[in-house]
Amino acid sequence: SQQGEEDPQALSIQEGENATMNCSYKTSINNLQWYRQNSGRGLVHLILIRSNEREKHSGRLRVTLDTSKKSSSLLITASRAADTASYFCATDDLWQLTFGKGTKLSVIP
Amino acid sequence: NAGVTQTPKFQVLKTGQSMTLQCAQDMNHNSMYWYRQDPGMGLRLIYYSASEGTTDKGEVPNGYNVSRLNKREFSLRLESAAPSQTSVYFCASTIERLAGDTDTQYFGPGTRLTVL
């Protein structure tokens, strides 16, 4: 299994600051995805980055992928209290996604 | 367009009881998945169905069975519940899978199951 590992496990920041989360994985991938989970809810897809892409943007989200280091980062700029959630990276493993344990982000108003 | 729906939202069982968790999607997706999520853990795949009529085991299939009833519905059955199956269960679906690729998954709201 090439489970992604997020770092840090927990992150607490002030509203307006940027939040950076990292994901490392073990073997080659076709794509890497990031998901958000609000407390008590299902996961919501944020962004998918393919192995031939280095950076991708979506609104206040910026994802980078470094396949040589087998790592990805998710940057949330100008954070808001509503960004408080757990964030998971997921790597593809043939027909499946394998999820990491997540980073719990708390944005303090 | 409801997306992925799951029933029930909450369930309490006694050890040895059986139950079926229901999942349906209205997005005409081919592939469907069942995960479990335990505290401090990521999601672990129980079973998946690449297309109507096919099912395959995931990482943690023991103690579970599944049925892909039609393209819309994918159910998860616990034949004899155990306390170790206390968890939150999520169903997900995805659009066409390309060979060797994995597309965005859409998740249901989850079922919180407690086995006493």
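The values are calculated or read from the model by the stated rules, or taken from the named source; none is laboratory data. Keep in mind the model is a prediction, meaning the values are calculated, not measured. Reconstructed Cβ throughout: ideal geometry from the backbone, glycine too, with neighbour counts over all protein chains shown. Note: accessible area is taken over every heavy atom of the protein model, side chains too, but ligands, DNA and RNA are not part of it. Shrake-Rupley method; radii C 1.70, N 1.55, O 1.52, S 1.80 Å.
With a cut-off of at least 1 residues that are open to solvent by 70 Å² or more (accessible area, probe 1.4 Å), name the strands (runs of 3 or more DSSP E) lying wholly within chain B.
It comes to B:4-7, B:10-13, B:19-25, B:64-68, B:74-78, B:105-107, B:111-115.
For region A:43-55, which residues satisfy the criterion of being away from chain B (no Cβ under 11 Å) and surrounded by 18 or more Cβ atoms within 10 Å (Cβ to Cβ)?
Scanning region A:43-55 gives a single hit, A:49.
For region A:12-36, how many residues are under 15 Å from residue A:87 (Cα atoms) and basic (Lys, Arg)?
So the count comes out to 1.
Find the residue count for region A:73-109, including only residues that are surrounded by 15 or more Cβ atoms within 10 Å (Cβ to Cβ), free of Cβ contacts under 8 Å to residues at least 24 places away in the same chain and either of a type in the set (A, V, I, L, M) or assigned to a strand (DSSP E or B) (or both).
Of the residues in that region, 1 qualify.
Residue A:68: modelled with pLDDT under 90, open to solvent by 20 Å² or more (accessible area, probe 1.4 Å), more than 10 Å from chain B (Cβ to nearest Cβ) and part of a loop (DSSP other than H, G, I, E, B), yes or no?
For residue A:68, the condition - modelled with pLDDT under 90, open to solvent by 20 Å² or more (accessible area, probe 1.4 Å), more than 10 Å from chain B (Cβ to nearest Cβ) and part of a loop (DSSP other than H, G, I, E, B) - is not met.
In region B:61-105, what count of residues is obtained for those that are within 11 Å of chain A (Cβ to nearest Cβ) and at pLDDT 95 or above?
Number of matching residues: 5.
Restricting attention to region B:72-82, does a residue exist that is within 23 Å of residue A:100 (Cβ to Cβ) and aromatic (Phe, Trp, Tyr)?
No.
Quick test of your reading of the structure: residue A:11 fulfils all but one of (1) under 23 Å from residue B:38 (Cβ atoms); (2) open to solvent by 20 Å² or more (accessible area, probe 1.4 Å); (3) touching a Lys or Arg at 6+ places or on another chain (Cβ under 6 Å). Name the failing condition by number.
Against the list (1) under 23 Å from residue B:38 (Cβ atoms); (2) open to solvent by 20 Å² or more (accessible area, probe 1.4 Å); (3) touching a Lys or Arg at 6+ places or on another chain (Cβ under 6 Å), residue A:11 comes up short only on (3).
So which residues in region A:14-42 are surrounded by 15 or more Cβ atoms within 10 Å (Cβ to Cβ), more than 12 Å from chain B (Cβ to nearest Cβ) and touching a helix residue (DSSP H, G or I) at 6+ places or on another chain (Cβ under 9 Å), if there are any at all?
Hit for region A:14-42 is A:19, nothing else.
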